[in-house]
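Input: a single structure, listed below in structure tokens.
The values are calculated or read from the model by the stated rules, or taken from the named source; none is laboratory data. Quick caveat: nothing in here was measured; it's all calculated off a predicted structure. Because the Cβ atoms are built from the backbone with ideal geometry, glycine has one as well, and the counts that use them run over all protein chains shown. Calculation scope for accessible area: heavy atoms of the full protein, side chains included, ligands and nucleic acids excluded. Shrake-Rupley method; radii C 1.70, N 1.55, O 1.52, S 1.80 Å.
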Amino acid sequence: MNASEVRKIAKTGKAGKHSAGDNLYLRISDEGTAFWVFRYVIYGKRRQLTLGRYGELHGQLSLADARILGAKTKALVKQGIDPIAEKKRPGQIEFRTVSDLAAEWLKEKARSVKHPQIPERIYRKEIAPHIGEMALDRVKPMDIRHLCLKVTDSGRPAVANDTLRACKQLFRFGLRLGLIEYSPAESLKVHDAGGVEKSRKRALTLDELEVVFRVFREHSAAFTRENYLAVALLICLGVRKTELTAAPWSEFDLEKCVWHLPAERAKTGVAISIPLAPPVMEWLNELRIRAGRSEYVFPARRASKRRGYISDDTINHALAKLFGEKVDGKKRPCPNVLGKAGIEYFTIHDLRRTCRTLLSSISSPHVAERCVNHKLKGVAAIYDCHDYFDERKAALTTLAVAAEGIVKK
């Protein structure tokens with residue numbers, strides 16, 4: 001049978017099955033639709049596989065196309081593989097690109113890690129723009145190294161290392177599923193990304209904080225009042241940034257002046273009740289008014305389907321701008337006003353270390369550690385179950401009163 005004969009048979013629309021040779025058949029249904037089928041025998045059973053609809057249009061199969069598919073099917077059968085059984089195998093998701101693999105990997109992360117938004121953000125912002133649309137088997141170590149170095153060149157070496165770790169986990173997942181034969185990220189080291197990370201030791205003194213808050217007030221258009229109060233709270237409470245910025249009002253007992261941070265939101269997985277000093281209560285009451293009807297202390301500043309509170313980067317970017325860093329690719333960097341005021345570079349996370357350092361001169365080490373919700377180490381972790389609430393209240397109140405004069409100026 002040739003292509004001309006196939007066209008004539010299909011045009012008649014008469015139901016029947018017509019051999020095209022080598023177990024390939026053109027079958028016309030009772031409705032007049034023509035499609036290709038391939039017949040084969042495997043493990044003593046006769047089987048019939050539908051290859052697709054006959055035609056010359058996109059998505060349809062010509063005689064030549066059908067013969068190619070028939071030959072491929074015949075080759076599978078010779079290997080003992082039943083094409084029909086293969087189609088029915090569970091979990092047959094088609095993985096072609098890195099983003100196809102990432103979608104399944106992130107689903108697993110959502111089930112297995114405490115903060116799945118972290119790998120999701122790293123993939124979306126740092127990995128997907130560079131290799132997301134590449135075929136899985138086309139990604140090379142140089143591609144991974146290039147995207148990691150781009151993050152490093154943007155002044156974020158720690159994020160570059162996180163990006164490399166995410167790439168390794170992603171491609172190991174592909175190996176585990178048998179989708180790739182080797183991981184293009186496995187041979188790379190931290191030197192191919194952000195380098196060996198050094199623990200930061202930056203902590204601000206009260207004198208520095210006085211200058212910092214003055215600069216914030218002088219540049220209120222760039223550093224909003226909500227950001228201003230967030231920094232004050234981070235210094236006086238010692239919590240992690242996301243623990244504060246994602247906090248709902250339902251966690252706060254404003255009558256008893258206590259914030260009940262639940263275990264599922266605390267990074268350590270340990271719940272803690274945080275006493276709120278009078279200055280802190282004053283700032284929270286202002287934020288309550290500014291939040292309007294939002295259920296969050298720091299509501300999202302633009303419409304978002306992902307979350308009702310501000311982005312993880314909002315306060316970071318606001319601070320970075322005052323240090324003259326470029327955080328928006330479409331805009332020029334602002335002047336380094338904090339640097340000109342004599343302030344050495346610091347990050348939002350350094351405020352937590354600042355709180356802990358200031359507490360050292362106010363309270364005992366074990367109380368200061370509990371104030372920042374650190375897990376006790378060694379034997380103390382087993383036998384010391386005391387919460388030190390009253391002691392923490394006294395220490396945090398002393399710190400808040402000392403900071404109040406700086407914040408209110």
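Odds and ends about this structure:
- Selection of strands (runs of 3 or more DSSP E) fully inside the stretch 1-102 by the criterion of at least 3 residues being touching a Ser or Thr at 6+ places or on another chain (Cβ under 7 Å) and hydrophobic (A, V, I, L, M, F, W, C) returns 34-42.
- Where R172 falls short, out of the listed (1) of a type outside the set (A, V, I, L, M, F, W, C); (2) farther than 23 Å from R306 by Cβ; (3) touching a residue at least 40 places away in the same chain (Cβ under 8 Å): (3)
- Residue, most open to solvent (accessible area, probe 1.4 Å), within the stretch 166-183, restricted to residues that are assigned to a helix (DSSP H, G or I) and more than 19 Å from Q117 (Cα to Cα): R176
- Within the stretch 193-203, the set of residues being among the charged types (D, E, K, R), farther than 23 Å from K109 by Cβ and free of Cβ contacts under 8 Å to residues at least 60 places away in the same chain comprises K198 only.
- Considering each residue of the stretch 172-186 in turn, at least one proves to be among the acidic types (D, E) and either under 14 Å from Y123 (Cβ atoms) or within 21 Å of the chain's Cα centre (by Cα) (or both).
- Tally of residues being touching a helix residue (DSSP H, G or I) at 6+ places or on another chain (Cβ under 7 Å), open to solvent by 60 Å² or more (accessible area, probe 1.4 Å) and either of a type in the set (S, T, N, Q) or assigned to a loop (DSSP other than H, G, I, E, B) (or both) across the stretch 103-140: 1
- If you check D82, D22 for being open to solvent by less than 50 Å² (accessible area, probe 1.4 Å), among the charged types (D, E, K, R), over 30 Å from I127 (Cα atoms) and in contact with a helix residue (DSSP H, G or I) (Cβ under 9 Å, 6 or more places away or on another chain), only one passes: D82.
- Screening K45, K8, K14 for residues that are without any contact (Cβ under 8 Å) to a residue 12 or more places away in the chain and either of a type in the set (A, V, I, L, M, F, W, C) or over 25 Å from V77 (Cα atoms) (or both) leaves exactly one candidate, K8.
- Selection of the stretch 126-173 for residues being among the acidic types (D, E) and either in contact with an Asp or Glu (Cβ under 6 Å, 6 or more places away or on another chain) or under 20 Å from D312 (Cβ atoms) (or both) yields E126, D162.
- Looking across the stretch 204-221, the residues that are aliphatic (A, V, I, L, M), in contact (Cβ under 8 Å) with a residue 12 or more places away in the chain and either in contact with an Asp or Glu (Cβ under 9 Å, 6 or more places away or on another chain) or open to solvent by 20 Å² or more (accessible area, probe 1.4 Å) (or both) come down to L204, L206, V211.
- Some residue of the stretch 147-155 being hydroxyl-bearing (S, T, Y) and at pLDDT 95 or above: no
- Of the residues making up the stretch 288-311, those that are farther than 12 Å from P248 by Cα and in contact (Cβ under 8 Å) with a residue 12 or more places away in the chain number 2.
- Yes/no for T224 being of a type in the set (S, T, N, Q), in contact with a strand residue (DSSP E or B) (Cβ under 9 Å, 6 or more places away or on another chain) and closer than 20 Å to D312 by Cβ: no
- When each of L76, L61 is tested for being touching a residue at least 24 places away in the same chain (Cβ under 8 Å) and open to solvent by less than 70 Å² (accessible area, probe 1.4 Å), the lone residue that passes is L61.
- For the stretch 236-258, the set of residues classified as open to solvent by less than 10 Å² (accessible area, probe 1.4 Å), under 20 Å from H115 (Cβ atoms) and either in contact with a Pro (Cβ under 9 Å, 6 or more places away or on another chain) or free of Cβ contacts under 8 Å to residues at least 40 places away in the same chain (or both) consists of E243 only.
- Selection within the stretch 368-397 - open to solvent by 60 Å² or more (accessible area, probe 1.4 Å) and either more than 20 Å from K256 (Cβ to Cβ) or modelled with pLDDT under 90 (or both): H374, K375, K377, V379, I382, Y383, C385, H386
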